[in-house]
Amino acid sequence: MTEQKIQLSVAIITKNEEERLPDCLKSVSFADDIVVVDSGSTDKTVEIAKEFGCRVLVEEWKGYGPQKNSAVQKCRNEWVLIVDADERIPDDTKKEIKEVIGNPESADAYSFPRKNFFHGKWIKHGGWWPDEVVRLFRKDRGKISNRNVHEAVEVNGVTKRLQTPIVHYPIKNIEEILKKINSYSSLGAKDLYQAGQTSSIFKATMHSLSALVKTYFLKQGFRDGKEGLIIAFSGAVNTFYKYVKLM
């Protein structure tokens, strides 16, 4: 039986996501408008998106915030849902989204708790749960912050929380962690530079140690075992190189 679609736009940005994109698109197939903005994939990402019936546009990379804003601007419906290729919308969450956008008294935007998985394990500490993220909003009431990395939805109106989660698989393997550290630290340094920040080896070291202590001890990342240690240490290394690159 063909699933009945609702008037909802889904905005996704991609680059070389042929492995993770199919499951993402299946999970949002209840939406009647899916926009994929690709930044030059060399694998089958674009082909997969077109096969799923998405509207696909290929654009130069502008940074996470600007790229997502570009995708949102191309959405046709009043309600927009932002998802990444490594995220999934479970059935219970789908049901709650349908209820929200069908209610005339709904808020202007909604946040979701996000379940993050690493090495097949749900990470519940270190700031990784409930990891509230605003992802569903009225197009005329929300926009993405103009940041190169760690962007967020900015809402001009009322935001409420939903109870059902988005499922997130942000890390495939250790090699991907290292690639993300290099990429995210460069983008983070650019954001700091644009904000007028300065750096030094001392600042880099202290910010890195602070990130490690906060994630592993204060937010109890140690309770997630070896995965918690890897996550906390990776965050500290990312912070160190972000400030070194800024310097």
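The values are calculated or read from the model by the stated rules, or taken from the named source; none is laboratory data. All of these numbers come straight from a predicted model, not from anything done at the bench. Glycine gets a Cβ as well: all are built from the backbone with ideal geometry, and neighbour counts include every protein chain shown. Accessible surface areas use protein heavy atoms only, side chains included; no ligands, DNA or RNA. Shrake-Rupley method; radii C 1.70, N 1.55, O 1.52, S 1.80 Å.
Out of all the residues in region 231-239, is one or more in contact with a Phe, Trp or Tyr (Cβ under 9 Å, 6 or more places away or on another chain), farther than 18 Å from Leu178 by Cβ and open to solvent by 40 Å² or more (accessible area, probe 1.4 Å)?
no
Looking at (1) within 23 Å of Tyr64 (Cα to Cα); (2) among the hydroxyl-bearing types (Ser, Thr, Tyr); (3) within 23 Å of the chain's Cα centre (by Cα), which one does Thr198 not meet, given that it meets all the others?
The number of the failed condition is (3).
Mind listing whichever residues of region 47-56 are open to solvent by less than 30 Å² (accessible area, probe 1.4 Å) and β-branched (Val, Ile, Thr)?
Selection gives Ile48 alone.
Go through region 57-79 and report how many residues are surrounded by fewer than 19 Cβ atoms within 10 Å (Cβ to Cβ) and not in a helix (DSSP H, G or I).
Total satisfying the criteria: 11.
List the helices (runs of 4 or more DSSP H) that sit entirely inside region 147-247 and contain at least 1 residues that are farther than 30 Å from Asn103 by Cα, modelled with pLDDT under 95 and of a type in the set (A, V, I, L, M).
Working: elements: 174-194, 201-212, 225-246.
Here the list reads 174-194.
Do you know which residues across region 1-46 are among the hydrophobic types (A, V, I, L, M, F, W, C), outside any helix (DSSP H, G or I), open to solvent by less than 70 Å² (accessible area, probe 1.4 Å) and farther than 19 Å from Lys62 by Cα? Walk me through how you get there before you give the answer.
Our first condition is that a residue be among the hydrophobic types (A, V, I, L, M, F, W, C); within region 1-46, this holds for 1, 6, 8, 10-13, 21, 24-25, 28, 30-31, 34-37, 46.
From what is left, the residues that are outside any helix (DSSP H, G or I) are 1, 6, 8, 10-13, 28, 30-31, 34-37.
Still in the list and also open to solvent by less than 70 Å² (accessible area, probe 1.4 Å): 6, 8, 10-13, 28, 30-31, 34-37.
Residues satisfying the conditions are Ile6, Leu8, Val10, Val28, Phe30, Ala31, Ile34.
For Asn238, which of the numbered conditions (1) polar (S, T, N, Q); (2) more than 23 Å from Tyr193 (Cβ to Cβ); (3) touching a Lys or Arg at 6+ places or on another chain (Cβ under 8 Å) fails to hold?
Of everything listed in (1) polar (S, T, N, Q); (2) more than 23 Å from Tyr193 (Cβ to Cβ); (3) touching a Lys or Arg at 6+ places or on another chain (Cβ under 8 Å), Asn238 misses just condition (2).
Out of the residues in region 80-109 that are open to solvent by less than 10 Å² (accessible area, probe 1.4 Å) and assigned to a strand (DSSP E or B), state the one that is nearest to Asp23 (Cα to Cα).
Glu87
Within region 110-129, track down each residue that is open to solvent by 60 Å² or more (accessible area, probe 1.4 Å), at negative phi and without any contact (Cβ under 8 Å) to a residue 60 or more places away in the chain.
To start, the set of residues in region 110-129 that are open to solvent by 60 Å² or more (accessible area, probe 1.4 Å) comprises 119-122, 124, 129.
Pick out the ones that are also at negative phi and you get 121-122, 124, 129.
Correct list: Trp122, Trp129.
Within region 131-146, how many residues are of a type outside the set (A, V, I, L, M) and either open to solvent by less than 60 Å² (accessible area, probe 1.4 Å) or not in a loop (DSSP other than H, G, I, E, B) (or both)?
7
Which of the residues belonging to region 153-186 are among the aliphatic types (A, V, I, L, M), surrounded by fewer than 18 Cβ atoms within 10 Å (Cβ to Cβ) and within 15 Å of Phe233 (Cα to Cα)?
Selection gives Ile174, Leu178.
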